[in-house]
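Data first, discussion second: the structure below is written as structure tokens.
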Amino acid sequence: MDAAKTRQDSPREVRQMTAARQDGRPLHHQILDELRRQIHSGDLGPGDALPSESDLMERFGVARGTVRQALAALRADGSVGGPRGRPPVVRDRRLTQPFTHTVSFSAWIKAMGMEPTGRLIELVQRPADEECAAALDIAPETRVYQLLRVRYADGEALMIERAVFAPSIGPIVAAMDLIYSSIYAELQRQGVVFASAHHEIDALAASADDAGLLGVQVRTPLLRTRRRAFSTRGEPLEWADDRYLASRVSFTVQNTVAYPQLVPRLEGSNVP
Ligand code: GLP
């Protein structure tokens, strides 16, 4: 019997079931996609239990075996866990990126035992506008290379890189294999080191473009870092805007008291 007729379903659920029936793909894939979407968008956060098997059977109008196939796939990729026989719980799978040192995406992902890759969307030469010229400390209209790449860890999209490179290194970057190579590591081999960087971090909702690139819903929460990276001599080398899936990545910063020489005196006072 069609579950839609057995109880009062919300219009969204009815739409979901109808769409599932018409989609043409195996039903367990569609349930899996919907649960993944809810996890990625943050509708289901770390520690939240998934709906019970019975709820999912009713909501999607499918048999228990179909629901179990979808849940088994989520357990297998580590998205959910918890004891068998209970609704699985969403795991906090966020990868933490420390800002203590400048580290390339490739080095960071490899350090966690995963394989970094990239999908090159666009690499173009364009004249620097005022903002770009100021960020890279070059004359307006100087031609610069601009990169748009999606970065993956073990095949899963984590972030979008939009970067503009100083004219001194743009042609070197343009000649690289931008799927598997690390820009920072390749440049270092050629004697160019990203010695320091200034980051501005904020949050934003995925635009339609961002969502399409990352394969998530529009307005999915993203963490953005805008960065100017400098050479050992302090020359700007790169001006970048990186957008990470907030459901998958968090940033950590370790800091210390501003004036270490004051610590002994502060310890003796009541200053919080
Ligand atoms: C940093 C940045 C990236 C930058 C990258 C270079 O981690 N957050 O956006 O482009 O490193 O990465 P890779 O050396 O892997 O190409």
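Where a number appears in this text, it was derived from the coordinates with a stated rule and is not lab data. Quick caveat: nothing in here was measured; it's all calculated off a predicted structure. Note that we place each Cβ from the backbone using ideal geometry, even for glycine, and neighbour counts take in every protein chain shown.
Remark: spin-label model distance residue 29-residue 195 equals 5.2 nm, labels positioned 7 Å along the Cα→Cβ axis. Sorted largest first, the principal axis extents computed over the alpha-carbon atoms of the chain equal 72, 59, 32 Å. Label separation (residue 103 vs residue 263): 2.3 nm, computed from points 7 Å beyond Cα along the C-beta direction. Computed over the chain, the per-residue total of -39500 (n - 2.57) for DSSP H runs of n ≥ 4 gives a 222 nm mean residue ellipticity of -9000 deg cm²/dmol, rounded to 500.
The shape of segment 101-188 comes out prolate: with a ≥ b ≥ c from the C-alpha gyration tensor, a/c is at least 1.5 and a/b beats b/c.
Computed from label points 7 Å out along Cα-Cβ, the spacing between residue 48 and residue 120 is 3.9 nm. Sequence-distant contacts, meaning Cα pairs under 8 Å at least 6 residues apart, place the relative contact order of the chain at 17 percent. With everything on Cα atoms, drop me the angle between helix 64-76 and the longest principal axis of the chain, reported from 0 to 90° to the nearest 10. The angle comes out near 20 degrees. Summary value for segment 170-253: 24 percent relative contact order, contacts being C-alpha pairs under 8 angstrom separated by 6+ residues.
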